[in-house]
1. Run the numbers for residue 65 and residue 105: contour at 0.36 nm per residue of separation, minus the present Cα-Cα distance, in nm.
2. Suppose R0 equals 30 Å; then what is the FRET efficiency for residue 234 and residue 259 from their Cβ-Cβ distance, rounded to the nearest 0.05?
3. All other residues with a Cβ under 14 Å from the Cβ of residue 230 taken together, and with Lys, Arg as +1 and Asp, Glu as -1, what is their net charge?
4. Taking 27 Å as the cut-off for C-alpha to C-alpha distance, list the pairs among 242/262; 52/76; 24/126 that go past it.
5. Using the C-alpha gyration tensor of region 115-171, what are the square roots of 5 times its eigenvalues, in whole angstrom, with the largest one first?
Amino acid sequence: MFSRENPIYGRKVFFLNPTLAINKFIVEKLRDLEYESYCIDDYRDAKPILRKSEDAICFINIDDQLSIREWFNFIKSFETDPTLQSIFIGVLSTRARKSDKETFIMNTKLPGGFVVLNGHLEDTLKNLIGILNINGAKGKRKFIRLDCPYRTDINGYVASGSKLYSFRLISISSQGFICVAPLDMAFLFKPKTLLKNVSLTVERINVIFSTVVVNVQLNANACIVIMLMTKGTSAEVKSIIKKYIFKVLDSQYKAFYTSAMKDMEDYSRLKTSEVFDFDTESKEGDKKAKENGDVSAEDSKNIKKDDSGVETIEEEKQPSVVEKVDEEKKDQVEGSEIKETETDKDSDDKQSSSEKNDASTEKNKKNEKVAENSSSNDNEKLPENDKKSS
């Protein structure tokens, strides 16, 4: 169950599969504003980390790494996993269609909303900050604190007279710290005392500032002191401390997910009976599922049983691009053949007609010759007959 009540220490903010702009700009700006934000590059590392971070907020960039359909199934899986049901999910995208956005909003639980990345980073940052504040990302704390009781790469010192006293830090933030000092240093730490020239060695960097003692607790072996930096502390000092804090926190998460078992779940098939329409890119997931022998919800509509009761999937056969090209070529060839046949027929008809005309002309000429011959013969015979009669 989601709880929008602000937890005391706030909520960790994760960006899964972040773009370069989110990684370098958004996350850094949120850290400057004291939001505990992290990046998770690989979706297979997400669930192990989120199980360790109860009530965290996770914004997921769905534009790559998985198809939109697979990201949808990935988010839906949180609803059925008791160890992940408390995670607040939000979606980020620059390429999702309006229909995809509506599908996510209507069919998944998104307390973090669906944020369209329009390229204006300042607007995106403002939008995300509003979502984080609504969901209590900061909680009741104002600053991010690092517990560091056993770290040796950070140490504290305070000068008094000609002596330099050292102390060990228990926790630190960009505004102050809690430290443990020997009992012989108790005289230095009196409530509301201003201490000048307090220095910290952060890895190999030394920073100097002034502090005010807020509280002191004495026990048998040591004194525990709470100190806050004065308002005059430079932004550079605070930035050095803040970068150190997140460097350590990032390394802790990296060490954890490197050793943890990765999420090897196949999100290419939908595990519900519902059918959702996504763009053509998302259908790659169905292709993978069919190759693995899985049946998606879309295929379930075409499942039929034969006489033996065995279930089979009837698929509509769509002609491939090659087949379409072949058919077009075939149509073109057939068309050209028809045209050629018609042309040949026309030429044959013309030729036969010409031959007929030639034959007719030749026949007429013969008839004319025969007529002439007969006429001449008659003329030649006529005088002989006349002679006989005479």
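1. Gain on stretching residue 65 to residue 105: 12.3 nm.
2. The calculated FRET efficiency here is 0.20.
3. Overall, the nearby charge balance is +4.
4. 242/262
5. 42, 14, 11
A short reminder: the numbers here are calculations on the coordinates, not readings from a lab. Not measured: the values here are computed from a predicted model. Ideal geometry is used to build each Cβ from the backbone, glycine not excepted, and the neighbour counts take in all protein chains shown.
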